[in-house]
1. Given a Förster radius of 22 Å and the C-beta distance between residue 82 and residue 192 as r, what FRET efficiency does 1/(1 + (r/R0)^6) yield to the nearest 0.05?
2. What is the distance in Å between the Cα centroid of region 109-140 and that of region 46-84?
3. Would you please put 44-50, 29-35 in order of how densely packed they are, using the mean number of other Cβ atoms within 10 angstrom per residue and starting with the highest?
4. Calculate, for residue 41 and residue 152, the FRET efficiency according to 1/(1 + (r/R0)^6) with r their C-beta to C-beta distance and R0 30 Å; round to the nearest 0.05.
5. Which distance in nm do the two modelled labels at residue 143 and residue 60 give, with both placed 7 Å along the Cα-to-Cβ direction?
6. Distance from a point 7 Å along Cα→Cβ of residue 115 to each backbone N in region 135-170: keep the residues under 18 Å and list them by number.
7. Provide the packing ranking of 147-155, 162-170, i.e. peptides ordered by the mean count of other C-beta atoms within 10 Å per residue, highest first.
8. Which percent of the accessible heavy-atom area of region 97-204 goes to carbon and sulfur, probe 1.4 angstrom?
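The values are calculated or read from the model by the stated rules, or taken from the named source; none is laboratory data. In this text, all values refer to a predicted model and were calculated from it rather than measured experimentally. Cβ placement follows ideal geometry from the backbone for every residue including glycine, while neighbour counts extend to all protein chains displayed. Heads up: the accessible areas ignore ligands, DNA and RNA and are worked out on the full protein's heavy atoms, side chains in. Shrake-Rupley method; radii C 1.70, N 1.55, O 1.52, S 1.80 Å.
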Amino acid sequence: DQLPKQLLGNFYEEGKGKLIVVLRNLKDVMASLHFFNGEAKDGWLGNEYGPGSFNRFIDEKCPNAFGSCFDWIRETDDIVQMLRNKRFVKMVAKKQKLDSKESRVLVLYYEQLKSDLPSELERINDFLDLPPLTASKKEAVLEKVSFSSMRSEAGKGQEVFYRKGEVGDWKNYLSEEEWKNFFDKTFEKKLSDVEIAQPLRKYQ
């Protein structure tokens, strides 16, 4: 989720909570935003109504309601690296009386959740230091968090949050050349040195 860094406050130093970050291939994120609450009037590449979803997404100022995903990933990486820094972890652990060996951040990828949800669920369960999942409870959770289940149980007005939930849907809308010439260049410019962004390359 795109929770802005400023809304996290200083929890990583003054709090005791844990942070779970979920990332998704940004091309699929763009496709999702394009169709969110109905397809954008200015299309993918722009027309008389505006610059188009593609240009808004990769623009330096990213003029859309949710801000820049590129900037969010970079800011989130700063927090992730801080929570993984051994010296920082020991300092906070001593201050907050925490176990310095216990991780406070877990980075997940939507594509891995889709391909092997049972294993990822175990990772989340272990990270949160919860009791081992029984077979029946695990099956119930897997069913409850499935895309089809969440979509069918969505309340009125929430249906727009559940469109397809597929991996690689971005390939259906623009040519390989268009993605390469614009999106891939923006990714390299903004995220080439950002650690948590690197696994995304596999899916785009």
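1. 0.60
2. Computed from Cα coordinates, the inter-centre distance equals 30 Å.
3. Descending mean neighbour count gives 29-35, 44-50.
4. Result of the calculation: an efficiency of 0.55.
5. 5.4
6. Counting only backbone N, you get 165-170.
7. Going from most to least packed, we get 162-170, 147-155.
8. Details: 3740 of 7100 Å².
Roughly 53 percent of what the probe reaches on region 97-204 is carbon or sulfur.
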